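Here, each number is a calculation from the coordinates, and none is a lab measurement. The model shown is predicted, which means the values in this text are computed figures rather than measured ones.
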Amino acid sequence: MVPAIFTKGLMNYASITIRQATVFDRHAIERVAALDSGRAPQGRSLVALEDGEVRAVLPTDGSRPIADPFHHTAELVELLRAASLPPRRRRFSLGRAFRPALNRPATLGA
């Protein structure tokens, strides 16, 4: 188990959902917009949920994303932008070097 001091500020990626907003998300989107000092988008948008709560919203009309300023949402906005691209243009980068040597199975006696 990892001590809490090392996990503070890290996002739990297992609990993230990216999807189209529905009419049932309206209240949550307005809440996030009010926290972000922005306006709730009027058209279609994508939402990022963390633990079932709307944390970030990306309008599909190209206006600026809105996000909950009291949570770590930079990665969520990046995920929303990647999800909004057509499938052939999606190239998501982790922002750090990938180390394939760490993913190889261990060999005994080598």
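Extension gain for Ser15-Arg64 works out to 15.2 nm (0.36 nm per residue, less the C-alpha to C-alpha distance).
Across all directions of projection, what mean area in square nanometres is found for the Cα convex hull of the stretch 4-90?
Values: hull surface 24.7 nm².
That works out to 6.2 nm², a quarter of the Cα hull's surface.
Stretching Ala83 away from Asp51 to a fully extended chain increases their span by 9.6 nm, per 0.36 nm per residue minus the current alpha-carbon distance.
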